[in-house]
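To start, the structure itself, in structure tokens.
The values are calculated or read from the model by the stated rules, or taken from the named source; none is laboratory data. None of the values given here were measured: they were computed from a predicted structure. When we count neighbours, we look across all protein chains shown, and the Cβ atoms used for this are built from the backbone with ideal geometry, even at glycine.
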Ligand SMILES: N[C@@H](CCC(=O)N[C@@H](CS)C(=O)NCC(=O)O)C(=O)O
């Protein structure tokens, strides 16, 4: 199988963390030039990463890929051990996906001060803060988000909280984790988990490449190579 993934993509990082934690070793990572050329829709109609390529066809959407991997390897599934825990895992993953990551993604264009629309920024950041408030109530108080083992809730929360800490302040608003107690304690602890640390390193590498222009050069080279291959 092949996963279309990017270092900085939080939705991809979520799936990579699950792959590392489940010990799945037969999935290659790739990011085709078509993604940068705005042509990923030729491979996957939704046109977003991550996408899992399997012998039966493609699986888009991080949450669907995550469930597919749990279904493929049920003995290693990261879903929790009781119906209640499974509900909590799904809930926390959903809060991280829909209320945190999605709103942060929508607000990204407002990072540019010159063209910023403060009403749009405030609207979306209020939604992030509201999601964070809910997370504060639902998250567990141990080393993991749910129960005493790593679950898919952690795989979604780690990249979401990375975005809260590293990207939200670039909008000239406070990191929403700072207003929490339980989430802040969790965030402090989970960063030393080996699988969390691995994707946080990858995301930091992606962020550095984006900010220092290395990513742009790599994209241009990949696009040139793809074009040359076609002629
Ligand atoms: N709901 C999707 C969101 C995926 C997503 O937005 N991916 C971003 C990168 S993290 C992307 O591919 N953006 C490209 C675009 O929007 O054209 C999921 O869970 O996989």
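Against the list (1) more than 16 Å from the ligand (Cβ to nearest atom); (2) in a helix (DSSP H, G or I); (3) not assigned by TED's automatic domain parsing to the domain that holds residue 12, the condition residue 90 fails is (1). In the range 111-126 there is at least one residue matching the filter, namely being over 22 Å from residue 146 (Cβ atoms), within 16 Å of the ligand (Cβ to nearest atom) and out of contact with any strand residue (DSSP E or B) (no Cβ under 6 Å at 6 or more places or on another chain). Restricting the range 19-38 to residues that are in a helix (DSSP H, G or I) and at pLDDT below 95, which is nearest to the ligand (Cβ to nearest atom)? In this case the residue turns out to be 35.
One residue stands out in the range 58-84 among those that are more than 10 Å from the ligand (Cβ to nearest atom) and assigned to a loop (DSSP other than H, G, I, E, B): the one that is surrounded by the fewest Cβ atoms within 10 Å (Cβ to Cβ), namely 82.
The residue of the range 39-57 that is nearest to residue 19 (Cα to Cα), among those that are touching a helix residue (DSSP H, G or I) at 6+ places or on another chain (Cβ under 9 Å) and away from the ligand (no atom under 11 Å from the Cβ), is 54. Residue count for the range 182-228 under the criterion of being loosely packed, with under 11 Cβ neighbours inside 10 Å and not in a helix (DSSP H, G or I): the result is 2.
Does residue 15 satisfy the condition of being touching a residue at least 40 places away in the same chain (Cβ under 8 Å), in the same structural domain as residue 167 (by TED's automatic domain parsing) and not in a loop (DSSP other than H, G, I, E, B)? No, not satisfied.
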